[in-house]
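*Asks:* Attaching a single structure in structure tokens format; questions to follow.
The values are calculated or read from the model by the stated rules, or taken from the named source; none is laboratory data. Every value quoted in this text rests on a predicted model; they were computed, and no experiment measured them. For neighbour counting, all protein chains shown are included, and Cβ atoms are generated from backbone atoms with ideal geometry for every residue, glycine included. Protein only, heavy atoms only, side chains kept; ligands, DNA and RNA dropped before computing areas. Shrake-Rupley method; radii C 1.70, N 1.55, O 1.52, S 1.80 Å.
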Amino acid sequence: MALVEPFPDLEEILASIGAGGSHVAAIEASEGAAGNISVFVGWPMEFRRRFPITEEIALPAPAPHLASGAVIVTGSGRRLRDIKDDPAANLGVVRVSADGTSGPLYTATNRLFERVTSEWNSHLAVHDDTVERTGTNFHAVVHAQPPHLTYLSHIAEYRNEGFLNERLLRWEPETIINLPAGIGALQFMLPGSAALMAANVESLRAHRIVVWAKHGVMARSDISVKRAVDRIEYAETAANYEYMDLVVGGRAEGLSRDDLRAVVAAFDVNTTLV
Ligand SMILES: [Zn+2]
């Protein structure tokens with residue numbers, strides 16, 4: 001997928017990040033300053049009127065496929081719920097250099113952060129990998145910490161991807177329709193580490209959302225921030241049902257494999273999961 005003209009303008013993209021941040025907060029998936037959002041924009045866009053301060057930064061890893069594009073990203077320590085009230089104070093824009101190794105970081109005069117998000121390496125690597133594979137000109141990445149998905153990842157068997165998907169896809173027909181590639185599952189890795197960055201890229205090649213064990217999730221979309229946040233909400237809703245069922249001692253039937261096969265056939269879902 002790629003967006004086609006007329007492209008959204010800067011104000012629309014800033015507003016969409018604000019709305020996405022508010023929705024992540026509304027589903028209680030971003031306590032305090034937890035969570036972060038970034039958007040890759042591949043078409044020419046003028047940022048300096050809104051973000052007049054410029055500093056040169058090195059990228060945490062080369063992102064050659066984003067060359068000459070830009071990534072709008074949340075500042076470290078900023079709250080997702082606050083973005084909508086003043087996007088420019090909470091976001092920065094990195095224009096990626098032609099060789100993909102550095103770039104000017106544009107920020108506003110009232111910016112409320114020193115550095116961009118501590119998960120910047122994972123955001124950048126997922127954008128770069130997706131643009132390389134698909135050639136998209138737009139890509140949104142959201143990291144959030146939804147409590148039911150994260151709770152389940154503290155139970156060893158839910159860190160098995162097959163088991164996790166079998167358990168979570170059985171609560172609502174919408175889950176497999178919206179997550180036809182299922183949910184990825186990673187073991188615990190240090191936040192911001194190179195190991196998490198590499199495993200996360202790998203998992204988000206196959207999935208649109210991945211659980212970072214004992215931490216949270218990352219989701220992506222080549223259509224909108226809202227779509228990425230929706231994926232988090234669908235997965236978290238399924239995890240909430242699973243949690244409820246664990247609490248009451250596993251009394252629910254859930255959708256059967258035949259039920260799910262009927263849903264897949266009726267809605268023409270491209271999946272190998274059922
Ligand atoms: Zn986090």
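*Asks:* Highest GNM mean-square fluctuation, the chain, Cα pairs closer than 10 Å: which of ALA206, ALA125, ALA88?
*Replies:* Looking only at ALA206, ALA125, ALA88, the biggest GNM fluctuation is shown by ALA206.
*Asks:* Helix 225-247: angle to the longest alpha-carbon principal axis of the chain, degrees 0 to 90, nearest 10?
*Replies:* 30 degrees
*Asks:* On a full-extension model of 0.36 nm per residue, what is the gain between ARG205 and ARG257, subtracting their alpha-carbon distance, rounded to one decimal in nm?
*Replies:* That works out to 16.1 nm of additional length.
*Asks:* Roll a 1.4 Å probe over the protein heavy atoms and report the accessible area of LYS214 in Å², nearest 10.
*Replies:* In the full protein context, LYS214 sits at about 90 Å².
*Asks:* Run a plain Debye calculation on the stretch 172-225 (Cα atoms as equal point scatterers, no solvent) and give log10 I(q)/I(0) at q = 0.17, 0.20, 0.21, 0.31 Å⁻¹, rounded to two decimals, same order as the q list.
*Replies:* Debye output, listed in q order: -0.54, -0.71, -0.77, -1.25.
*Asks:* Highest GNM mean-square fluctuation, the chain, Cα pairs closer than 10 Å: which of VAL93, VAL264, VAL210?
*Replies:* VAL264
*Asks:* Name the residues whose placed amide hydrogens come within less than 5 Å of the amide hydrogen of SER76, ignoring near sequence neighbours (fewer than 5 apart) on the same chain.
*Replies:* The list, which skips near neighbours in sequence, is GLU114, ARG115, VAL116, THR117.
*Asks:* Taking a ≥ b ≥ c as the square roots of the Cα gyration tensor eigenvalues, with a/c under 1.5 meaning rounded and otherwise prolate when a/b beats b/c, else oblate, which class fits the stretch 112-236? Spell out each step's value before the answer.
*Replies:* On the way: a/c = 1.66, a/b = 1.24, b/c = 1.33.
In terms of gyration-tensor shape, oblate.
*Asks:* Can you give me the relative contact order of the stretch 196-274 as a percent, contacts being Cα pairs under 8 Å and 6 or more apart?
*Replies:* On the way: 39 pairs, mean separation 10.8, N = 79.
Reported relative contact order: 14 percent.
*Asks:* Between LYS226 and THR101, what is the label-point separation in nm under the 7 Å Cα-to-beta-carbon projection?
*Replies:* It works out to 4.1 nm between the two label points.
*Asks:* When only the heavy atoms of the protein chains count and the probe is 1.4 Å, how do GLU172, GLU55 rank by accessible area, highest first?
*Replies:* GLU55, GLU172
*Asks:* To the nearest 10 square angstrom, what accessible area does LEU246 show with a 1.4 Å probe?
*Replies:* Number for this one is 80 Å².
*Asks:* Moving on. At a Förster distance of 25 Å, what's the computed FRET efficiency of GLU11 paired with ILE53, Cβ-Cβ distance as r, to 0.05?
*Replies:* Using R0 = 25 Å, I get an efficiency of 0.85.
*Asks:* Next up: Give the distance, in whole Å, between the Cα centre of the stretch 48-108 and the Cα centre of the stretch 131-193.
*Replies:* 26 Å
*Asks:* I would also like to ask the following. For ASP9, ASP128, ASP230, write out the residues from largest to smallest accessible area, computed with a 1.4 angstrom probe and no ligands counted.
*Replies:* Putting ASP9, ASP128, ASP230 in descending order of accessible area: ASP9, ASP230, ASP128.
*Asks:* I need to check one value: relative contact order of the chain, counting alpha carbon pairs closer than 8 Å and at least 6 residues apart, in percent.
*Replies:* Values: 562 pairs, mean separation 55.4, N = 274.
Once divided by the residue count of the chain, the mean separation gives 20 percent.
*Asks:* Helix-only estimate, please: 222 nm mean residue ellipticity of the chain, summing -39500 (n - 2.57) across DSSP H runs of length 4 or more and dividing by its residues, to the nearest 500. Intermediate values should be presented prior to the final figure.
*Replies:* On the way: 9 runs with 102 residues, N = 274.
Per the formula, -11500 deg cm²/dmol.
*Asks:* While we're looking at this one, here's another question. Quick one: what are the phi-derived ³J(HN,Hα) couplings along the stretch 158-171, Karplus 6.51/-1.76/1.60 with θ = phi - 60°, whole Hz, x for glycine and proline?
*Replies:* 7, 8, 8, 4, x, 5, 4, 5, 4, 6, 7, 6, 8, 9
*Asks:* A further question on this structure: Sort the stretch 1-61 into rounded, prolate or oblate with this rule: let a ≥ b ≥ c be the square roots of the eigenvalues of the Cα gyration tensor; rounded if a/c is under 1.5, and if a/c is not under 1.5, prolate when a/b is larger than b/c, oblate otherwise.
*Replies:* On the way: a/c = 1.84, a/b = 1.28, b/c = 1.43.
Because a/c hits 1.5 or more and a/b fails to exceed b/c, the stretch 1-61 counts as oblate.
*Asks:* How large, in percent, is the carbon and sulfur part of the accessible surface of the chain at a probe radius of 1.4 Å?
*Replies:* Ligands and nucleic acids excluded, carbon and sulfur give 51 percent.
*Asks:* To continue, here is another question. Test of understanding: what is the full-extension gain from THR271 to ALA195, defined as 0.36 nm times their sequence separation minus their Cα-Cα distance? Before the final figure, lay out the partial values.
*Replies:* Numbers: separation 76, 0.36 × 76 = 27.36 nm, distance 2.86 nm.
Residue separation times 0.36 nm, minus the Cα-Cα distance, leaves 24.5 nm.
*Asks:* I'd like the accessible area for ILE17, computed on protein heavy atoms only with a 1.4 Å probe and all protein chains in place. Round to 10 Å², please.
*Replies:* Roll a 1.4 Å probe over it and ILE17 shows about 0 Å².
*Asks:* Please label the shape of the stretch 1-109 as rounded, prolate or oblate, based on the square roots a ≥ b ≥ c of the eigenvalues of the alpha-carbon gyration tensor (a/c under 1.5 means rounded; beyond that, a/b larger than b/c means prolate, else oblate).
*Replies:* Verdict is prolate for the stretch 1-109.
*Asks:* Choose one answer from ALA198, ALA239, ALA219: the residue with the largest mean-square fluctuation in a GNM of the chain with alpha-carbon springs under 10 Å.
*Replies:* Evaluated over the chain, the most mobile residue of the options is ALA198.
*Asks:* Same structure again: What is the ratio of the Cα radius of gyration of the stretch 61-175 to 2.2 N^0.38 Å, where N is its residue count, to two decimals? Walk me through the numbers on the way to the answer.
*Replies:* Details: Rg = 17.5 Å, N = 115, 2.2 N^0.38 = 13.4 Å.
Normalised by 2.2 N^0.38 Å, the Cα Rg of the stretch 61-175 equals 1.31.
*Asks:* Rg (Å, one decimal) plus Dmax (Å, integer) for the alpha carbons of the chain?
*Replies:* 18.7, 58
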